[in-house]
Amino acid sequence: MSDFRATRRALGSLAGAAALAATIRPARAATKLRIGLLHTLSPAPLYLAMERGYFAAEGLEAEFRFFEAAQPIAAAAVAGDIDIGITALTGGFFALAGRGALKVIAGGLHEQKGYEGSAVLASPKAYEAGLTGIDKLGGRSFAITQFGSSFHYMLGRLAETAHFDLKSVTLRPVQEIGNMVAAVRSNQVDATIAIASMAKPLEAAGAAKIIGWVGDLVPYQITAVFAASRIISGRAQDVGAFARAYQRGVAEFRAAFLLPNPVETDRAIADIKKYVFTGDPDGARKIRGGVGWYDEGAGLDVADVTTQIRWFTEQGLVKVAVDPAEVIDTRFIPPLRQS
Amino acid sequence: MGEGSRVGLALTGISHRYRALQVLENVSLTVAPGEVTVLIGPSGCGKSTLLSIAGGLLKPDAGRVEWEGVLAPDCLNPFATVFQDFALLPWRSVAGNIGLALEHTELTKPKRAVRIAEVLELTGLADFARAWPRQLSGGMRQRVGIARALAVRPAIMLMDEPLSALDAQTRALLLDEFAALIARAGTTTLYVTHNLAEAVRLGHQIVVLSRRPGRVRAIERIDLPLGDRSPEDSDLRAIESRLWAMIRDEASAAEKEAGHDHA
Amino acid sequence: MTTPDPHAPVQLSGPVPFRAGGFAPRVIPLAGAATLIGLIALWQAGAMAGLIDTLFLPPPFAIATALWNLAVSGELWKHFSASLMRLAIGWSAGTVAGLALGLAVGLTTILRSPGMAVVSALFPIPKIALVPLFIIWFGIGEGSKDITLAFGVFFPTVINTAAGVDAVPRSLIRMGQSFGLSRAAIIAKIVLPGALPSILAGFRITAAIAIILLVAAEMIGADRGIGSFVLAAGNLYDTDNLMAGIVVLSLMGLAVSFVLGRLEKRLLRWR
C-alpha cells in the first residue's frame, strides 16, 4: 500500500467520524413559556395538555404559575412575570388591555344555556322571604368579590335580561369567593353566584338555595386566554405553538366530559387530580360534577366579549376607551362561529 | 385667725427596715406642741423615713406613733408636708396648687379664694397667683409649697429638707422667711435637714441621729424664740460647733463603712 | 534647613481657634415646602415629557382632575363621610376602652401583670389577619369594621396610658395623700392630668393606625368608604382614582395630626 492510500483511508475515517458527529448534535432547545392560571378546576384542559406532553411536542417548555385570584394574573402579564394567562375577564383586565398591554386570543370557560356552570344562590332566610327566582333580585343584597369582577358583570347582565334594577341591588364586595359563600350561608347577604361544584353541595346540605343558572339567561365567555402584547409581536410562533397544544387539550377535555358518549373520562380525571383535589377520596366525583363548558376548538365568543366591554364601560368601571378590535386577536385560534 | 391647734407627737421605739437595710433602730422622741423639732444626721440615717412615719405616711416595722392635743376648729387637715422637690402640679397655677389642698374640704369656693389670697399675701406671692410653676424660680416654688401647707391650718407641719434643693443664696433668704412664718403660725413642726445653720436657726429641739441604722445620738435644746436668733449669736455658734463635731464623726464613719461595703 | 526643636517652648499669639461648630442643624421650613413642590413639579414634567408611563404613575394633574371630579359629583363626600363615621365610632370605642384598661393597669396590682401580659400577647397580631375572624364573629355589616378599628386602637392606647400613669412622679401622689385627698381625687386631679402628655402622644399613634386600618376594615362588605374606594380603583387598574383616594387618606392623616397638635398646645400649655 502506498502512503497515498493510507492517507486517503485516514481522511475517509476522519470524514466518516465528522459526519457521524454531525448527526449526534443535541436536539433544538425548547423555548420557555410561562402560563398564569387560577389553581382551580376551571383550567382543566391546560392540565391535560401539560400531563400529556402536548406543549413539549410543540417545542415549548411550559411552566404553570398559579395565582389565587384573577386580577393579579392580568397584572403579572403586563409586568412580564408571565407570558400567557387564562382567567376571568374583569373590568381591571379591560383597563389594562385598553392601554395596549394585553390581547385576548382564545376562549376558555363558557356559560352555556342548559349547562350547569354558575348558579345564583339565595340565602335560606331570603328564600323563605320570597327570593325564589332571579327576577326577584331587585332590592336585595348581593355578595361579589369586587367591583368590576366577573360576578359583578354576571349580576349586571342578569339584571338586563331578567328586568330588575341593578341600582336597587346593594353590592357587598367581600374580596374572596370563600367569603361570598360564607356570607350567604350565614344570611348576611341575600344572594350570590357560585360555580356548580360549590353550589350543589351547599343546596344538598340545606345551607343555600339555587334559584337559577347564569348560563340559562346570559351565555357568557367567563374566562379567556390572553397574551401580553409584546409576546404576540415578538414571539408569535410560540403563541401559535401554545394555541395548538391548548386546542388538543380542549378537544380531549370535551371528549372526556362534555360529549354525549364520553371517552377516557377516568384517565382525564386522574390527570386533573394531579393539580386539584389531589389526594381527595371524593375528588373524582367533584371533578365530574364541577367541570365547566369549553367550546369546540376553544374559539372566543367575540360578540360576548364585545358586550362585556360595552357593559363595563357603561357602568363606568372601565374608564379608558376600549376598541374590541384592538384587544382581541383571533389569528391563532379562529373565533366561535356565531349561530 | 382663731386659736391654732396645740398637738404634740410621741414616737416610741420606732424601728424600720428598708429592703435589706435596717434604717431606723429603736428611735423614741417627743415633739412638744407649738415647737420646732429638727432632725439632723448624716446621709442615709433615716431622717426622711422617720418623718414619713411620724406623719402617718409609712408604717414602721416596730414602734408607735401617738398624738395628743387639741385640734383647732379651722384645721382642714391635721398634717401638712413641705417637700424637698416642692411637689407642685405643673399643670396648675400657683393658686390652683394651693387650692388642691382645699378643694376636698368643707370650704366653699369663695372661702377657698379668701384662704388662698391670705397665704399668698403671707408668703409674698400675691402677684403670682396665676403663674405656672415652670415660670417660677426654685425659691418661689418652695414659697408656694409652704403657702399650700399653711393654707390647711395644720396641727403638725412636716418639712422634709425644704431648702436642700435651693442654691445657697436663696436658701439664706428663705430661711429668714421660714423662721418668721413658723414663728407666726406657732404650729408643731418636724423639720428634717442636714444643714446645721437651718437647724440652729429654726429648732427648739434638735435631734441628732447616728449613721445607719439611725438611733438617737443626742438631743440639744434651744429655747430662744425664733425671732430673737441672729447668726452672730455666740451661743448659737457654739451649739452649731458641737453639732458639727457629732455629725462629722458619724459622717466619716459612715463613709468608711460604705467603702468597706463596696470593696 | 533647620528642623524645629521639639523641646523648645512654643510661642502663642493671636485669636484662640474656634472648636465648637457644627452638630446644630437648623430647620428651614421654606426649604422643606420648596422641596415638596419641586418634586411634584418634576413628576408632572416627567409625565408630560413621556418619561413616566401614566398607566403606572398618574401625573399630579391627572390626580387633581380625578379629585375634582369626585368632589363635584358628590362621590367624594359619600365615601369620606362613611369612612369618617367608622373612624369616629371605632376610634372612640377603642380609646375609651384602652384608657380604662390603661388606667387600671397603671394603678391596680390585680390588673397590672395580667393586663400587660394579655396586651403584649395580642398587640403584635396583625389586625389585617383578623379581619376574616371578625367577619365570622360580627358579620359583614358596620359592626366588624368598627371593631377592627377599635381593636387596632385599643392596644397602643392601653400601653401609652399605662406608661403615662407610671410616669406621674410618685412624689406628687404622696403629696396628694399627705393632704388627705381621696383615691378618686388623686386619680382625677393628679394621675390623669399627669398622664395626659403620654395619652395625647398615644392619640397621634392611634389616629394614624386607625386610618391605616380603614382600608383593611373596609375590605369586606363595604360599598362605600375611602378604603373600599381605593381597593375598587386598584382592582380596576383605575390608577388616577387610586392615587386620588390615597391623597385623600393622606390628607385625612395630616388633618388629624393638625387637630391633635392644636389640642396638645391647648391642654399642655403649662409645659
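The values are calculated or read from the model by the stated rules, or taken from the named source; none is laboratory data. Bear in mind that the values here come from a model prediction, so they are computed numbers and not experimental data. Methodologically, a virtual Cβ is constructed for each residue, glycine included, from the backbone with ideal geometry; neighbour enumeration extends over all protein chains shown. SASA here: full protein model, heavy atoms, side chains in, ligands and nucleic acids out. Shrake-Rupley method; radii C 1.70, N 1.55, O 1.52, S 1.80 Å.
Run the numbers on chain B and let me know its relative contact order in percent, using alpha-carbon pairs under 8 Å that are six or more apart. Don't skip to the end; give the middle numbers.
Details: 492 pairs, mean separation 73.3, N = 263.
Here the relative contact order equals 28 percent.
Using only alpha carbons, build the gyration tensor for chain C and give me the equivalent ellipsoid semi-axes, biggest first, whole Å.
43, 39, 17
Taking θ as phi - 60°, what are the ³J(HN,Hα) couplings along the stretch A:79-85 by the Karplus curve (6.51, -1.76, 1.60), each to the nearest whole Hz, with x for Gly and Pro?
Each residue of the stretch A:79-85 in turn: 7, x, 7, 10, 9, 10, x Hz.
Starting from the 7 Å offset along Cα-to-Cβ, what nm value, one decimal, do you get for the label separation of residue A:233 and residue A:330?
2.4
Quick one: Kirkwood hydrodynamic radius for chain B, alpha-carbon pairs, angstrom, one decimal?
On the way: mean 1/r = 0.0523 Å⁻¹.
So the Kirkwood estimate lands at 19.1 Å.
Which one of B:183, B:97, B:156 is farthest out on the positive end of the charge dipole of the stretch B:33-192, using unit charges on Cβ (Lys, Arg +1; Asp, Glu -1) and the Cα centre as origin?
B:97
Quick check: residue separation of residue B:109 and residue B:184 times 0.36 nm, minus the Cα distance between them. What number comes out in nm?
Contour length minus Cα-Cα distance gives 24.4 nm.
For chain A, what's the relative contact order in percent, using C-alpha pairs closer than 8 Å and at least 6 residues apart? Write out the running numbers ahead of the final one.
Numbers: 605 pairs, mean separation 90.3, N = 339.
Value for chain A: 27 percent.
With +1 on each Lys and Arg Cβ and -1 on each Asp and Glu Cβ, how big is the dipole of the stretch B:136-263 about its Cα centre, in debye rounded to the nearest 20?
Approximately 380 debye in magnitude.
How large is log10 of I(q)/I(0) for the stretch B:10-143 at q = 0.10 Å⁻¹ when the intensity is taken from the Debye formula with one equal scatterer per alpha-carbon?
-0.46
Once R0 is set to 30 Å, what does the formula 1/(1 + (r/R0)^6) return for the Cβ-Cβ distance between residue B:218 and residue C:170, expressed as a FRET efficiency to the nearest 0.05?
Approximately 0.35, to the nearest 0.05.
About its Cα centre, what dipole magnitude does the protein assembly as shown give when the only charges are +1 on Lys and Arg Cβ and -1 on Asp and Glu Cβ, stated in debye to the nearest 20?
It works out to roughly 440 debye.
When you take every Cα atom in the stretch C:104-250, what is the radius of gyration, and what is Dmax, the widest Cα pair distance, in Å?
Every Cα atom of the stretch C:104-250 included, Rg and Dmax give 20.0, 67 Å.
Can you pull the one-decimal nm distance between simple spin-label points at residue B:164 and residue C:182, each 7 Å off the Cα toward Cβ?
Taking the two extended label points, one gets 3.5 nm.
Could you work out the relative contact order of the stretch B:110-235? I mean the mean sequence separation of Cα pairs under 8 Å and 6+ apart, divided by the number of residues, in percent.
19
Provide, as a two-decimal number, the C-alpha radius of gyration of the stretch C:64-175 over 2.2 N^0.38 Å, N being how many residues it has. Show your work: numbers first, answer last.
Details: Rg = 18.8 Å, N = 112, 2.2 N^0.38 = 13.2 Å.
That ratio works out to 1.42.
Quick one: what does P(r) look like for the protein assembly as shown with 20 Å bins over all Cα pairs, in whole %?
Per 20 Å bin, starting at zero, the Cα-Cα P(r) for the protein assembly as shown comes out as 11, 27, 21, 17, 17, 6, 1, 0 percent.
In the calculated pair distance distribution of the stretch C:178-231, what percentage of Cα-Cα distances lie above 12 Å?
72
Provide the solvent-accessible area of residue B:223, counting protein heavy atoms only and rolling a 1.4 Å probe, rounded to the nearest 10 Å².
110
Hey, what angle do you get for helix B:234-262 against the long axis of chain B, alpha-carbon based, 0 to 90 degrees rounded to 10?
Roughly 70 degrees between the two axes.
Using only the alpha-carbon atoms of the stretch B:88-152, report the extent along each of the three principal axes, biggest first, to the nearest angstrom.
Rounded to whole Å, the extents work out to 32, 23, 17 Å.
To the nearest 0.05, how large is the calculated FRET efficiency for residue C:77 and residue A:68 if R₀ is 35 Å and r is the Cβ-Cβ distance?
So, using R0 = 35 Å, E works out to roughly 0.50.
To the nearest 10 square angstrom, what accessible area does residue B:85 show with a 1.4 Å probe?
Solvent-accessible area, nearest 10 Å²: 90 Å².
Mind giving me the nanometre distance, one decimal, between the label points for residue B:117 and residue A:161, set 7 Å out from Cα along Cα→Cβ?
Output for this residue pair reads 9.0 nm.
List the lysines whose Cα sits under 26 Å from the Cα of residue B:59, skipping any in the same chain fewer than 8 residues away.
Within the straight-line cut-off, residue B:59 pairs with B:47, C:189.
Using only the alpha-carbon atoms, how far is helix B:138-151 inclined from the longest principal axis of chain B? Give it as 0 to 90 degrees, nearest 10.
For helix B:138-151, the angle is close to 70 degrees.
For the stretch B:117-263, what Kirkwood radius comes out of the mean inverse Cα-Cα distance, in Å?
17.0
Arrange the residues C:236, B:173 by how much accessible surface each exposes, largest first, with a 1.4 angstrom probe.
Ranked list, largest accessible area first: B:173, C:236.
Along the Cα-to-Cβ line of residue B:233, 7 Å from the Cα, sits a label point; which residues in the stretch B:172-194 have backbone N less than 19 Å from it?
B:172-193
Among C:76, A:104, A:47, whose Cα lies farthest out toward the positive end of the dipole of the protein assembly as shown, if unit charges sit on the beta carbon of Lys, Arg (+1) and Asp, Glu (-1)?
Of the candidates, A:47 comes out farthest on the positive side.
With a 1.4 Å probe and all protein chains in place, put A:168, A:233 in order of accessible area, largest first.
Correct descending sequence by accessible area is A:233, A:168.
How fast does chain A diffuse by Stokes-Einstein, in µm²/s, taking the Kirkwood radius from C-alpha pairs at 25 °C and 0.890 mPa s?
Result for D is 113 µm²/s.
How large is the convex hull of the Cα atoms of the stretch A:118-218 per residue, expressed in Å³ as a whole number?
Details: hull volume 8.0 nm³, N = 101.
Hull volume over Cα atoms, normalised by residue count, gives 80 Å³.
Please go through the stretch A:214-287 and write out the trypsin sites (Lys or Arg not before Pro) that DSSP classes as loop and that have at most 11 other C-beta atoms within 10 Å.
In loop regions of the stretch A:214-287 (DSSP not H, G, I, E or B), the sparsely surrounded trypsin sites (Lys or Arg not before Pro) are A:274.
Stick to Cα atoms and the Kirkwood definition of Rh, then tell me Rg/Rh for the stretch B:175-249. Don't jump to the answer; show the numbers that get you there.
Numbers: Rg = 12.5 Å, Rh = 13.0 Å.
Radius of gyration relative to Kirkwood radius: 0.96.
If the only charges are +1 at each Lys and Arg Cβ and -1 at each Asp and Glu Cβ, what is the size of the charge dipole of chain C around the Cα centre, to the nearest 20 debye?
Working: 18 positive and 11 negative charges, 281 e Å.
For chain C, the charge dipole is close to 1340 debye.
Using R₀ = 25 Å, calculate the FRET efficiency as 1/(1 + (r/R₀)^6) where r is the Cβ-Cβ separation of residue C:133 and residue A:113; round to 0.05. Mind showing how you got there, number by number?
Details: r = 41 Å, r/R0 = 1.63.
Working from the Cβ atoms, E equals 0.05.
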